[in-house]
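A.B. asks: Dumping the structure here so I can ask a few things about it.
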């Protein structure tokens, strides 16, 4: 299968690219504009003029930092997405859109940019050619250089100042998200799906478990506070999960995470 993968140089894109290239099962072509909309416009113009027919486009490229609010967010997360939607409609190409859990009841510009892109795609692309995946809180052991690192990585790197007792999140490892994309590529499933474990993790409880052995750490334990100034719960819904696919709960990684944080504090 000939696949175009956008954002293939990024944190998640690299994992998706690695998975799709495994055993040379697919011919995967990268498309990355380095977060510059002018570069995207030129690259997209070339894409339309080169006459190459792709079997599938995996549109992963986006601004992933939920704190960004400027025009670039709308240019890359919304306008670029509409162009790929139009292209897939015109060429009858299948499209996987890597959206975000933030698109569900959005409360920040990032979430709205993904929500609006989803809406445009659902109104434009043939429903049998469109799969929208909504990953929840993606994490990895090493996110150095990532513009907006996960809460888990911030704990491991000593960069989380406080943890909110009432804050529930669904943490899904980056490799699991990549496997969900592979699952759809290999066994096509149109629709809109949550990509998570559907198991809530209290951030304060996670911090306590990672610091439970009482050792003295170079990185101080994040302060546990009662008030939660952000959305209290963001957890995948069991009935909305991608069928015939499972993610590994973060509890299964606890021993390795505890080992990682101990070793990090020795450096």
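The values are calculated or read from the model by the stated rules, or taken from the named source; none is laboratory data. Keep in mind that what you see is a predicted model, and the values were worked out from it rather than measured. Cβ placement follows ideal geometry from the backbone for every residue including glycine, while neighbour counts extend to all protein chains displayed.
A.B. asks: Please determine, by comparing only the residues of the range 154-172 that are touching a helix residue (DSSP H, G or I) at 6+ places or on another chain (Cβ under 7 Å) and part of a strand (DSSP E or B), which one is nearest to residue 251 (Cα to Cα).
C.D. replies: Looking at residues that are touching a helix residue (DSSP H, G or I) at 6+ places or on another chain (Cβ under 7 Å) and part of a strand (DSSP E or B), I get 171.
A.B. asks: Filter the range 118-141 down to residues that are over 18 Å from residue 240 (Cβ atoms) and in contact with a helix residue (DSSP H, G or I) (Cβ under 8 Å, 6 or more places away or on another chain) and give me whichever is surrounded by the fewest Cβ atoms within 10 Å (Cβ to Cβ).
C.D. replies: Of everything passing the filter in the range 118-141, 126 is surrounded by the fewest Cβ atoms within 10 Å (Cβ to Cβ).
A.B. asks: Can you tell me which residue among 179, 175 is more than 22 Å from residue 122 (Cα to Cα), at pLDDT 90 or above, within 14 Å of the chain's Cα centre (by Cα) and buried (at least 17 other Cβ atoms within 10 Å of the Cβ)?
C.D. replies: Exactly one residue qualifies, and that residue is 179.
A.B. asks: If I filter the range 33-51 down to residues being touching a helix residue (DSSP H, G or I) at 6+ places or on another chain (Cβ under 7 Å) and buried (at least 17 other Cβ atoms within 10 Å of the Cβ), which single residue comes out as modelled with the lowest pLDDT?
C.D. replies: Top of the filtered list is 35.
A.B. asks: Let me ask something else. Residue 211 is checked against (1) loosely packed, with under 14 Cβ neighbours inside 10 Å; (2) over 28 Å from residue 22 (Cα atoms) and fails just one. What number does that condition carry?
C.D. replies: (1)
A.B. asks: Here is a follow-up. For the range 245-257, what are the residues that are in contact with a helix residue (DSSP H, G or I) (Cβ under 7 Å, 6 or more places away or on another chain) and surrounded by fewer than 16 Cβ atoms within 10 Å (Cβ to Cβ)?
C.D. replies: 248, 254, listed by residue number.
A.B. asks: Can you tell me how many residues within the range 231-267 are in a loop (DSSP other than H, G, I, E, B), closer than 25 Å to residue 158 by Cβ and out of contact with any strand residue (DSSP E or B) (no Cβ under 7 Å at 6 or more places or on another chain)?
C.D. replies: Of the residues in that region, 3 qualify.
A.B. asks: Residue pairs, Cβ under 9 Å, 6 or more apart or interchain, first in the range 242-257 and at positive phi, second surrounded by fewer than 14 Cβ atoms within 10 Å (Cβ to Cβ). List them.
C.D. replies: Close Cβ pairs satisfying both conditions: 244/187.
A.B. asks: Output the residues belonging to the range 1-29 that are closer than 24 Å to residue 149 by Cβ and part of a loop (DSSP other than H, G, I, E, B).
C.D. replies: Scanning the range 1-29 gives 7, 8, 9, 10.
A.B. asks: Filter the range 217-251 down to residues that are under 18 Å from residue 141 (Cα atoms) and under 20 Å from the mean Cα position of the chain (by Cα), then give me how many there are.
C.D. replies: Final tally of qualifying residues: 5.
A.B. asks: Taking interchain pairs and intrachain pairs at least six residues apart, which have beta carbon atoms under 6 angstrom, with the first residue in the range 30-41 and part of a strand (DSSP E or B) and the second surrounded by 15 or more Cβ atoms within 10 Å (Cβ to Cβ) and at pLDDT 95 or above?
C.D. replies: 30/5; 30/8; 31/4; 31/6
A.B. asks: From the list 77, 71, 65, 60, which one is modelled with pLDDT under 95 and closer than 15 Å to residue 7 by Cβ? Can you show your working first?
C.D. replies: Details: 77 fails: modelled with pLDDT under 95; 71 fails: closer than 15 Å to residue 7 by Cβ; 60 fails: modelled with pLDDT under 95.
Step by step, each of 77, 71, 65, 60 is checked, and only 65 is modelled with pLDDT under 95 and closer than 15 Å to residue 7 by Cβ.
A.B. asks: Across the range 182-210, what is the number of residues that are assigned to a loop (DSSP other than H, G, I, E, B) and either more than 18 Å from residue 155 (Cα to Cα) or free of Cβ contacts under 8 Å to residues at least 12 places away in the same chain (or both)?
C.D. replies: Of all residues in the range 182-210, those assigned to a loop (DSSP other than H, G, I, E, B) come to 187-190, 196-200.
Pick out the ones that are also either more than 18 Å from residue 155 (Cα to Cα) or free of Cβ contacts under 8 Å to residues at least 12 places away in the same chain (or both) and you get 187-190, 196-199.
Qualifying residue count for the region: 8.
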